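Heads up, the thing below is written out as structure tokens.
The values are calculated or read from the model by the stated rules, or taken from the named source; none is laboratory data. Please read all numbers here as calculations on a predicted model, not as lab measurements. Cβ: placed from backbone, ideal geometry, glycine included. Neighbour counts: every protein chain shown.
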């Protein structure tokens, strides 16, 4: 096959007749199919790095050699999925996405506040003392040096939403969909800064060597002095994991603190509850923190794993009755705000045919007829 014709196809410039020729060539042999997949993966890498059409295969080779490790967050497209032999498609128009419930803030006195993300509001305790200020999808707590007792607040983030919180010490916490976060209204001197997490959060911790910052999450503790890291600890996930961008963190078992590991930047630590063990490996951290910028990134991930992320991000319920789809691997990036669920599932169908129905926020997937 003429490589320039393949390039025209990938740049969405091929005629209908040329597209037919390409697919006939792909179907002719397994070797052709394999070659096309490898070329397409290289094209995706190069296009994402330059944010423009690729003019020649020599450009692809140069970019691939120059940068084996690339930043998926630079994808310009709303969605890029590398299927088995399916087309690479860009989604641009949003139609409808289910609306989630409101973010809930539970104050130390037990009172409940439903946070409207279009408003500004002053947050006060039961004595009328100002705790902080809410502006849209963010609350900034203010420091109060005179505070002598620890009172906890709790934020509950529903599926379909994220939220940003600045603690009284200046630590910034981004909370992902489906997360519950318990934190002090004020950090008291001479005590550790301790918070409690169920779900996922990205932390930018203010450095304070006299007061270690500790995240309690799913039977493990994550201790830092001042650093940047991500923690994912959803109750329905098999593993709890932490990805470190800057500084260092100590992960330890809650009931056996001698069982611990130290993470270095660009490493992921995973807690296996059943085996009571920690595992570490080097990763591209950008893949794990893309949600902070409103993106989902998956790299050779099972559809079953992707489905969980889609449920949380879009506040939908996915029932998959197609076993072959559950075991398929996909690589891609989605801009959550601009994505369209129906178009997204139509893309998945290209690689593994299936039928699906959407009823409000429920999606049921079945085998193709």
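Per-structure values
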read-out: Which listed residue is surrounded by fewer than 17 Cβ atoms within 10 Å (Cβ to Cβ) and modelled with pLDDT of 85 or more, from 111, 96, 146; value: 111
read-out: Residue count, region 225-262 (criterion: under 23 Å from residue 209 (Cα atoms) and either in the same structural domain as residue 311 (by TED's automatic domain parsing) or assigned to a loop (DSSP other than H, G, I, E, B) (or both)); value: 6
read-out: Selection count, region 311-328, where residues are surrounded by fewer than 20 Cβ atoms within 10 Å (Cβ to Cβ), closer than 26 Å to residue 289 by Cβ and out of contact with any helix residue (DSSP H, G or I) (no Cβ under 8 Å at 6 or more places or on another chain); value: 2
read-out: Count of residues meeting criterion [surrounded by fewer than 16 Cβ atoms within 10 Å (Cβ to Cβ), without any contact (Cβ under 8 Å) to a residue 40 or more places away in the chain and closer than 28 Å to residue 308 by Cα] in region 197-248; value: 4
read-out: Search result, residues across region 355-367 that are free of Cβ contacts under 8 Å to residues at least 40 places away in the same chain and either surrounded by 18 or more Cβ atoms within 10 Å (Cβ to Cβ) or not assigned by TED's automatic domain parsing to the domain that holds residue 322 (or both); value: 356
read-out: Search result, residues across region 311-355 that are modelled with pLDDT of 90 or more and more than 24 Å from residue 237 (Cβ to Cβ); value: 354, 355
read-out: Residue list for region 315-350, filter: part of a helix (DSSP H, G or I) and closer than 15 Å to residue 304 by Cβ; value: 323, 324, 325, 326, 345, 348
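Rundown of residues vs (1) outside the structural domain of residue 331 (by TED's automatic domain parsing); (2) over 23 Å from residue 331 (Cα atoms); (3) at pLDDT below 75, yes/no style:
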| site | (1), (2), (3) |
| --- | --- |
| 11 | yes, no, yes |
| 16 | yes, yes, yes |
| 25 | yes, yes, no |
| 28 | yes, yes, no |
| 40 | yes, no, yes |
| 49 | yes, no, yes |
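Table: residues versus (1) surrounded by 14 or more Cβ atoms within 10 Å (Cβ to Cβ); (2) part of a loop (DSSP other than H, G, I, E, B); (3) at pLDDT 95 or above.
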site	(1), (2), (3)
269	yes, no, yes
280	yes, no, yes
284	yes, yes, no
296	yes, no, no
300	no, no, no
306	yes, no, no
